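Below is one structure; the comments refer to it alone.
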Amino acid sequence: MIESNQSKVKAFYDRQAKSHESGAAVLGEPTEFSVRYRASAEWATFRRIVRLRPKMRVVELGCGAGRWLAELSPKVGQVIGVELSDRCYALAYERTRDLDNVRVFNMCLEEFSLAADEVDLIYFSGVLLYLDDEQCRLQLARYGESLSKEGLIVIRDSVASHSTHDISHGEGYVARYRTDSDWRSLLKDAGFELMQQIPANANPLAWAEKKSRKLGYAFSVAKSLRIDELFLKILRGLRQLMQSAFVEDGYSHDFLVAKRQAFNSK
């Protein structure tokens, strides 16, 4: 990771998981409404860009509290989660312990390894921003060797609007926000071709929720009436109409989908 980052990132997510076992802070969101909206919006976007198959083998690097592991389990053949934080790992393990096709490992992505042609999809869930460019390139290339012929990688990360830069967070760790052109270059150097890039959760509704508690209150009412899922579905629809024109604080949260170049040329 970026120098001295690993222990600080681990400590940060350990604290977050201890304070918010619901998983809200693990996703970096302050309220139940915002975490559920973000999770549902990202999952809906992910389902649009990735075709899940019953026999698919999936790895999530940075699985957090295991929310997506549980979502993926009934839709694919095998799911592996890898999580650096001890406390997040414990939450993920507890959430998926009764799912026969899910395994969870407590380690960093640099230590985890896979055999050649072992998986069909590798999802980097907000973990590559903690690596410098050389480390990022190395891990992308290394994990690429584990993909099947038609395998894909999906990266969820913060993409800078103007220039790649590092941000030092108050918790002590550093995050690198890369531009889409730098992502494209990194992927190419690691042997991948960027196929698609789409906003994951950058949306004016999240911004509005931070500015006003009215949406949070409306969500509470919807939950009491047992129509909270419908409420979230409506918000997701509004987001799809508005997201293309919205960038938050000079960056967006994007999904990047890529395939190995060697396979594309055949």
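Criterion applied to R57, R95, R87 was being closer than 26 Å to W183 by Cα and of a type outside the set (D, E), and the one residue passing it is R57. Note on the stretch 112-144: residues that are among the polar types (S, T, N, Q) and more than 17 Å from the chain's Cα centre (by Cα) total 2. For the structure I just gave you, tell me whether E60 is touching a helix residue (DSSP H, G or I) at 6+ places or on another chain (Cβ under 7 Å), modelled with pLDDT of 90 or more, surrounded by 15 or more Cβ atoms within 10 Å (Cβ to Cβ) and among the charged types (D, E, K, R). So E60 fits the description; yes.
When the residues of the stretch 3-45 are narrowed to those that are among the acidic types (D, E) and at pLDDT 80 or above, which ends up nearest to Y130 (Cα to Cα)? Step by step, filter the stretch 3-45, then rank; the result is D14. Could you tell me whether any residue of the stretch 74-83 is within 22 Å of L152 (Cβ to Cβ), part of a helix (DSSP H, G or I) and touching a residue at least 12 places away in the same chain (Cβ under 8 Å)? Yes, the stretch 74-83 contains a residue that is within 22 Å of L152 (Cβ to Cβ), part of a helix (DSSP H, G or I) and touching a residue at least 12 places away in the same chain (Cβ under 8 Å).
Across the stretch 63-81, the number of residues qualifying as surrounded by fewer than 24 Cβ atoms within 10 Å (Cβ to Cβ) and either under 21 Å from H253 (Cα atoms) or not charged (D, E, K, R) (or both) comes to 10.
For beta carbons closer than 6 Å, sequence separation of 6+ or different chains, a first residue in the stretch 94-106 that is β-branched (V, I, T) and a second that is in a helix (DSSP H, G or I), the qualifying pairs are T96/L69; T96/A70; V102/L69; V102/S73; V102/T96; V104/A92; V104/Y93. When the stretch 85-103 is filtered for residues that are basic (K, R) and surrounded by fewer than 19 Cβ atoms within 10 Å (Cβ to Cβ), the ones remaining, listed by number, are R97, R103.
Identify the residue in the stretch 152-163 that is more than 15 Å from P199 (Cα to Cα) and either within 18 Å of the chain's Cα centre (by Cα) or aliphatic (A, V, I, L, M) (or both) and, among all such residues, is surrounded by the most Cβ atoms within 10 Å (Cβ to Cβ). Top of the filtered list is I153. Would you mind stating whether R38 is in contact (Cβ under 8 Å) with a residue 40 or more places away in the chain and either part of a loop (DSSP other than H, G, I, E, B) or not acidic (D, E) (or both)? So R38 fits the description; yes.
On inspection, L61 qualifies as in contact (Cβ under 8 Å) with a residue 60 or more places away in the chain and within 15 Å of V127 (Cβ to Cβ).
Restricting attention to the stretch 213-231, the residues that are within 24 Å of the chain's Cα centre (by Cα), at pLDDT 75 or above and of a type outside the set (D, E) total 2. Among the candidates L121, L194, L131, the residue that is within 14 Å of I80 (Cα to Cα), touching a Lys or Arg at 6+ places or on another chain (Cβ under 8 Å) and among the aliphatic types (A, V, I, L, M) is uniquely L121. When R178 is tested against (1) closer than 30 Å to I234 by Cα; (2) buried (at least 18 other Cβ atoms within 10 Å of the Cβ), only condition (1) is not met.
Right, A65: part of a helix (DSSP H, G or I), among the aliphatic types (A, V, I, L, M) and modelled with pLDDT of 85 or more or not? For A65, the condition - part of a helix (DSSP H, G or I), among the aliphatic types (A, V, I, L, M) and modelled with pLDDT of 85 or more - is not met.
The values are calculated or read from the model by the stated rules, or taken from the named source; none is laboratory data. Just so it is clear, the model here is predicted, and its values are computed rather than measured. All Cβ positions, glycine included, derive from the backbone under ideal geometry; neighbour counts span all protein chains shown.
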